[in-house]
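Single-structure report; data block below.
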Amino acid sequence: MKRDIFQAIADPTRRAIIALIAIQAMTPNAIAEHFDTSRQAVSKHLRILTECELIKQEQKGREIYYQLEIEKMKEIDKWLEQYRKIWETRFEQLGEVLKVMKKQKSEG
Amino acid sequence: MEFIVDKETKTVSITKEFDASRDMVWDAYTKPELLDQWWAPKPMTSRTTAMDFEVGGRRFYAMVSPEGAERWVVQKYTSITPKTNFKIFNAFADKDENLELPGSDWDLSFSEQGGKTKVSISIYNESLERLERMIEYGFREGTMAQLQNLEELLAHLTQEPNT
């Protein structure tokens, strides 16, 4: 199932998990130690993040490590960049309107 | 322009300085005939059909794509301090002004210094998903088909259990 990336980062625990493994890849147990919730709950968050392709599993010896998918995180920034552009365009247009208003005022 | 997204507090903060008096900037934000000249990012256009700038009043407008597709928005004025600040509750709507909730809370402040006016806007969204939706509608040239696809996608997402 394909999940929505923004749904994934809307949850505070999942954001905390992302912040944790952004620093270094970690095993599910090591991740769970950082939270008061049950390991089961943490597993569920890890599963959702994996489904969103924000994190991925890597087998190292007998242990599974989770690590961050940097490229996917960049998608979020790309999307926010669009929003920034809306406001940039809007403000450029406002600047033009204000210029005309000033001109009219000085002529009137 | 300063543009800060705080994912933790679900707030977008935007600051911009304009080379104009505060009176002028205030007018540009509060008079429909002026707002429509700049509000919609090109090639979209803004068409305000009703606006009463007073507490409890609202602006009802459409973002119109070059193909003529309309996306209606209601902005209710929840607080006004003349020439200094106003707050709005922003929500998408249908053409009959029925709101599509949840919306977002906007706080706009205006201050003048040395003949220049600084505008500070903070937009709080209940969910990032909502913010995403706002961007889709505001930015894309958006044919009706595109909008419909998005509606379907969002409907699908909201049907999923909250995890």
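Read-outs: derived from the displayed coordinates by stated rules, not from any lab. On a predicted model such as this, the values are computed, not experimentally measured, just so you know. Neighbour counts are summed over all protein chains in view; Cβ atoms, including those assigned to glycine, are modelled from backbone coordinates with ideal geometry.
All conditions in (1) touching a helix residue (DSSP H, G or I) at 6+ places or on another chain (Cβ under 7 Å); (2) under 28 Å from A:Glu51 (Cα atoms) hold for A:Glu71, with the sole exception of (1). Residues in region B:1-43 that are under 14 Å from B:Val73 (Cα atoms) and either surrounded by 20 or more Cβ atoms within 10 Å (Cβ to Cβ) or away from every other protein chain (no Cβ under 11 Å) (or both): B:Pro32, B:Leu35, B:Trp39, B:Ala40. Among the residues of region A:28-40, those that are of a type outside the set (Ser, Thr, Tyr) and either under 21 Å from B:Lys7 (Cβ atoms) or more than 14 Å from chain B (Cβ to nearest Cβ) (or both) comprise A:Pro28, A:Asn29, A:Ala30, A:Ile31, A:Ala32, A:Glu33, A:His34, A:Phe35, A:Asp36, A:Arg39. The combined condition, being outside any strand (DSSP E or B) and at the interface with chain B (Cβ under 8 Å from one of its Cβ atoms), is fulfilled by A:Ile86. Go through the residues of region A:4-27 one by one and say whether even a single one is within 8 Å of another protein chain (Cβ to nearest Cβ), among the basic types (Lys, Arg) and over 11 Å from the mean Cα position of the chain (by Cα). Looking for residues that are within 8 Å of another protein chain (Cβ to nearest Cβ), among the basic types (Lys, Arg) and over 11 Å from the mean Cα position of the chain (by Cα), one finds none in region A:4-27, hence no.
Exactly one residue out of A:Ile64, A:Ile48, A:Ile70 is within 21 Å of A:Ala30 (Cβ to Cβ) and either within 14 Å of chain B (Cβ to nearest Cβ) or among the polar types (S, T, N, Q) (or both), and it is A:Ile48. Pairs are defined by a Cβ separation below 6 Å, a sequence spacing of at least 6 or placement on different chains, a first member in region A:48-63 that is free of Cβ contacts under 8 Å to residues at least 40 places away in the same chain, and a second member that is exposed (fewer than 11 other Cβ atoms within 10 Å of the Cβ) and part of a loop (DSSP other than H, G, I, E, B); no pair meets this definition.
Filtered by the rule that a residue be within 23 Å of B:Met24 (Cβ to Cβ) and surrounded by fewer than 17 Cβ atoms within 10 Å (Cβ to Cβ), region B:54-82 gives B:Glu54, B:Val55, B:Gly57, B:Ser79, B:Thr81, B:Pro82. Contact map, region A:88-100: residues that are crowded, with 17+ Cβ neighbours inside 10 Å paired with residues that are among the small types (Gly, Ala, Ser), Cβ distance under 8 Å, separation 6+ or inter-chain. Pairs shown: A:Arg90/B:Ala40; A:Leu94/B:Ala28; A:Val97/B:Ala28; A:Leu98/B:Ala20; A:Leu98/B:Ala28. As a summary of the residue check, B:Arg71 satisfies the conditions (1) within 13 Å of chain A (Cβ to nearest Cβ); (2) in a strand (DSSP E or B); (3) more than 19 Å from B:Ser122 (Cα to Cα); (4) among the basic types (Lys, Arg) except for the one numbered (1).
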